[in-house]
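Here's the structure we're looking at; comments come further down.
The values are calculated or read from the model by the stated rules, or taken from the named source; none is laboratory data. Keep in mind the model is a prediction, meaning the values are calculated, not measured. Reconstructed Cβ throughout: ideal geometry from the backbone, glycine too, with neighbour counts over all protein chains shown. Accessible surface is based on the protein model in full, side chains and every heavy atom, while ligands, DNA and RNA are left aside. Shrake-Rupley method; radii C 1.70, N 1.55, O 1.52, S 1.80 Å.
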Number of protein chains: 2
Amino acid sequence: MARSGAAVRKPSGQQKKARGRVSSYHHGALREALLEAAEAVLLEHGVEGFTLRECARRARVSHGAPAHHFGDVRGLLSEFTAVSFERLDALMSAYRARSAADAYAQFAATGLAYVDFALANRPRFQLMFRSDRLDFGNERLAAASTRTYRQLADTVTAMLPPRARTRVPVEGIALAWSLAHGLSTLMLDNRLFAELVGGNAGHAHTLMQDLLERARPLFEDSGQQR
Amino acid sequence: MARSGAAVRKPSGQQKKARGRVSSYHHGALREALLEAAEAVLLEHGVEGFTLRECARRARVSHGAPAHHFGDVRGLLSEFTAVSFERLDALMSAYRARSAADAYAQFAATGLAYVDFALANRPRFQLMFRSDRLDFGNERLAAASTRTYRQLADTVTAMLPPRARTRVPVEGIALAWSLAHGLSTLMLDNRLFAELVGGNAGHAHTLMQDLLERARPLFEDSGQQR
DNA sequence: ACGCATAACTTGACAGTGTCTAGTTTAGCG
DNA sequence: CGCTAAACTAGACACTGTCAAGTTATGCGT
């Protein structure tokens, strides 16, 4: 795929059809180009400094062009964020694949993936929970976020004794998710917390490991009513 | 100035000094009026829809007026958020005052205050962690946020055995804060989480109570290295 | 009692934003 | 080969935050 990034100068043959053209009226792969531009803008200016027109500029296209592919800003950001959820989901799977098979190890893997993803993709992660800039009516976004949630929930449920697995362990899921999410967001946008923990992604990772290990007994009897 | 009706309708006496005046050029208490307006705008349009000019409109003042008191938008929002931290700090104290004196009860009170505050003050709470819209160089904001943090940290530390209290229980603080913060933010801007928990503030409160109770053993030996 | 410096506010301008609408180019299909 | 419809451009609109320059009124020093 033409995924080589940085399509700055239009290195000639990059459109679907118009091979010889140096510059063509039709971009050819504007959708993808805009999504890549969005990432660049987000990295450079943060979520707050994100601008549709700046994306268009980077894709060397007029400011009205994005509308044709995404409708409006929320459309673009929703599509962008759908990819984010897909990646997080995939990262969780990858971490699990590299972990031991027991329920706790599988669960811990998803939690660590969550935190690592957040720390490694600051604006991407922040956007995933800025509901005011997203449209969860977007099917791909709704599907991806639901799938991600389910993977997390499943690894929690799998820690229950077999016959307890019919009921949803609400408290356990909430605990795990809150922990991972709180740790991630506080690391990303609270100075005091970041200083407390040590600042970098490595510290967050080992801290999460410690917390999960400590909290282990809480999960393994999660489900039976107190 | 071709303004014929110089006396625009102004809601009569509302200034601090100019009592008899029907309309005064000077507002008299614009600072406070703008902060109140900010709250109204935030409640109506959310953090994303917040606008400085809209605040000015509500305070029946020109769009340039706020600059004189707050410099720029971040100035106003920082001052607004300083108050938010002060209120959260006060709410924690109030909850603690109504709780038992033992260390765990005091700690749980701060956690519950955190969650209740968030759920009862959505945009206010959200703003407190939108570092891109705040200026933590603002002294009042920095002081208030630090004080709030310290209260939370102290109630965690107080759960340690006396002679362990010299070291900062980083893990315990991180665990508690992450839990409270994650639960709060997820309730506020994640549909799936809110549905899982039940949606309203009451559910969040009792869930937090349960989680704190469950996690109790984790805190009480927090500090001694694993 | 009264100037008058200056704080408090207004007004207008500017660059920039997202979205709409109407026009232009071109791809691809019959 | 012609033509429809998709892809993109260009300009306009209402709105934003900030700045600079003007206007009004307060209260302080004398």
Pairs, first modelled with pLDDT of 95 or more in the stretch A:74-90, second among the hydrophobic types (A, V, I, L, M, F, W, C) and within 16 Å of DNA strand D (Cβ to nearest atom), C-beta under 6 Å, six or more apart: A:Leu76/A:Phe70; A:Phe80/A:Leu35; A:Phe80/A:Ala38
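Is the stretch B:154-167 home to any residue that is over 20 Å from A:Met187 (Cβ atoms) and crowded, with 22+ Cβ neighbours inside 10 Å?
Yes, the stretch B:154-167 contains at least one residue that is over 20 Å from A:Met187 (Cβ atoms) and crowded, with 22+ Cβ neighbours inside 10 Å.
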Residue count for the stretch A:25-49, restricted to those that are free of Cβ contacts under 8 Å to residues at least 40 places away in the same chain and either more than 30 Å from A:Leu119 (Cβ to Cβ) or not in a helix (DSSP H, G or I) (or both): 8
For the stretch B:189-206, enumerate the residues that are open to solvent by 10 Å² or more (accessible area, probe 1.4 Å) and within 9 Å of chain A (Cβ to nearest Cβ). B:Asp189, B:Asn190, B:Arg191, B:Leu192, B:Leu196, B:Val197, B:Gly198
Taking the stretch B:156-188 and the residues there that are among the hydroxyl-bearing types (Ser, Thr, Tyr) and farther than 30 Å from A:Arg133 by Cβ, the one that is farthest from the other protein chains (Cβ to nearest Cβ) would be B:Thr166
Within the stretch A:177-199, the count of residues that are without any contact (Cβ under 8 Å) to a residue 24 or more places away in the chain and under 20 Å from the mean Cα position of the chain (by Cα) comes to 4
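Condition first: in contact with an Asp or Glu (Cβ under 8 Å, 6 or more places away or on another chain) and open to solvent by less than 10 Å² (accessible area, probe 1.4 Å). Now tell me which residues in the stretch A:60-91 satisfy that.
Residues of the stretch A:60-91 in contact with an Asp or Glu (Cβ under 8 Å, 6 or more places away or on another chain): A:70, A:74-75, A:78, A:80, A:91.
Listed by number, the residues that qualify are A:Ser78, A:Phe80.
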Within the stretch A:92-103, work out how many residues are part of a helix (DSSP H, G or I), in contact with a helix residue (DSSP H, G or I) (Cβ under 6 Å, 6 or more places away or on another chain) and open to solvent by 20 Å² or more (accessible area, probe 1.4 Å). 2
Tally of residues being within 29 Å of B:Leu119 (Cβ to Cβ) and within 12 Å of DNA strand C (Cβ to nearest atom) across the stretch B:58-73: 2
Looking only at residues that are within 13 Å of A:Ala176 (Cα to Cα) and within 8 Å of another protein chain (Cβ to nearest Cβ) in the stretch A:207-216, which one is surrounded by the fewest Cβ atoms within 10 Å (Cβ to Cβ)? A:Glu213
Mind listing just one residue for me: the one in the stretch B:36-59 that is in contact with a Leu (Cβ under 9 Å, 6 or more places away or on another chain) and within 19 Å of B:Ser131 (Cα to Cα) and, of those, surrounded by the fewest Cβ atoms within 10 Å (Cβ to Cβ)? B:Gly49
Scan of the stretch B:112-149 for residues that are closer than 20 Å to B:Thr185 by Cα, within 11 Å of chain A (Cβ to nearest Cβ) and part of a loop (DSSP other than H, G, I, E, B), ordered by number: B:Phe129, B:Arg130, B:Leu134
